[in-house]
Amino acid sequence: MQQEAFDPPFGSVYKQVLEGWCDVDEISELDSGADCSEVEARVPVIDLSCLNEELEDIEEWCKREICEAAQEWGCFQVINHGVSSEILEKMRCEQIKAFKKPFQDKLDLDTYRWGTPSATCLRHLAWFEAFHLPLTHLHTTTTTTTTTPFSTTINQYAKITSNLAEKLAEILAEKLGHNLGFFRENCIPSKCYIRMSRYPMCPISPHVFGLMPHTDSDFLTILHQDHIGGLQLLRNGKWLNVNPKQETLIVMIGDLFQAWSNDVYKSVEHRVNANKHFERFSVAYFLCPSNETMIESSCGGSSSTYRSFSFGEFRQQVQDDVKRFGHKVGLSRFTL
Ligand SMILES: O=C(O)CCC(=O)C(=O)O
Ligand SMILES: [Fe+2]
């Protein structure tokens, strides 16, 4: 398997699992996932310029659309979100610059992740590499070997998307009658982060995922995908394509909002299919609270679906499950 010097060593590290892939059911499951990739998810598109409307009715209508999409889809797309096409274009250049470095150099950075080297079965292999950049890296100007300082472009992108995430979270919280200061108080810069991802060309697609099916463990995620495609979401038991739309951001509800809203909003299960012919880039902003933040279901008492838990406890459980089973179990661990 030919690999560029900057690609992670997928072929050699995954060799054992790939050589043992004789589980016919597993392969047909993965292949059938790829089969339905022609079906497009008609994820609601919301024009955020309506939030700045003088007319209160239009603003209220827009907020209602947001809440309804979060309930019905766990996901929506936004336009006129404040991130200019120029910043998006520059972000792509930043990503190319960050990823097209020798693999060994990237490995030295504590912000770098790649694939699932400890996976033991085909469906747990992932064909991606990523940089996780906590917002505390904002304004960092020094270059050291272990941290990745934000460039001006990443700074701009992070600032706009973090404000946007907070604003959308407040709209969703308002509907639940929650305290609006909650996100400002609890979602601190050291926990919120930008994840820049690259999905290298994958010669054995569709037998492996770019990114395994999962829900995000945060309150909400704001995602920008490039023009290649491959993102899918699960709706009514079917995997549907979220086709790329230029200058559109995708907002996904995470587990914390689902628990906090007592299942009013749904965290959306999604995945990325690997691509045989093209590399793909995406960038996501994750709105996360401090480890101590308690997630208490909005209605409380006996009708709550979930027991109260701290974000730290939730994260730890996710990590333990991934280690033990190769995948996340998620919110079902916290039901009453
Ligand atoms: O790359 C994508 O489109 C999705 C990324 C994602 O789901 C994640 O990073 O959690
Ligand atoms: Fe995700």
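Observations on the structure shown:
- Number of positions in region 76-133 that are touching a helix residue (DSSP H, G or I) at 6+ places or on another chain (Cβ under 7 Å) and either charged (D, E, K, R) or under 24 Å from V208 (Cβ atoms) (or both): 15
- N243 vs. criteria closer than 23 Å to H178 by Cα, surrounded by fewer than 18 Cβ atoms within 10 Å (Cβ to Cβ) and of a type outside the set (D, E, K, R): no
- Scan of region 255-276 for residues that are part of a loop (DSSP other than H, G, I, E, B) and either of a type in the set (A, V, I, L, M, F, W, C) or closer than 27 Å to G181 by Cα (or both), ordered by number: S261, N262, D263, V264, Y265, K266, S267, V268, A274
- Only helices (runs of 4 or more DSSP H) whose full extent lies in region 1-91 are considered here, and the ones with at least 3 residues that are modelled with pLDDT of 95 or more and closer than 19 Å to I253 by Cβ are 56-72.
- Qualifying residue in region 115-132 (condition: among the hydroxyl-bearing types (S, T, Y) and either touching a Phe, Trp or Tyr at 6+ places or on another chain (Cβ under 6 Å) or at positive phi (or both)): no
- Here S303 meets the list (1) over 24 Å from R42 (Cα atoms); (2) surrounded by fewer than 23 Cβ atoms within 10 Å (Cβ to Cβ); (3) touching a helix residue (DSSP H, G or I) at 6+ places or on another chain (Cβ under 8 Å) almost entirely, failing just condition (3).
- Against the criterion of being more than 16 Å from ligand 1 (Cβ to nearest atom) and in contact with a Leu (Cβ under 9 Å, 6 or more places away or on another chain), S290 does not qualify.
- Matching residues, region 277-306, being part of a loop (DSSP other than H, G, I, E, B) and at pLDDT 95 or above: H277, F278, E279, C288, P289, S290, N291, E292, T293
- Qualifying residue in region 269-282 (condition: crowded, with 19+ Cβ neighbours inside 10 Å, of a type in the set (D, E, K, R) and closer than 29 Å to C121 by Cα): yes
- Criterion violated by H178 - all others in (1) surrounded by fewer than 18 Cβ atoms within 10 Å (Cβ to Cβ); (2) under 28 Å from W114 (Cα atoms) satisfied: (2)
The values are calculated or read from the model by the stated rules, or taken from the named source; none is laboratory data. Bear in mind the structure is a predicted one, so any value in this text is a computation, not a measurement. Because the Cβ atoms are built from the backbone with ideal geometry, glycine has one as well, and the counts that use them run over all protein chains shown.
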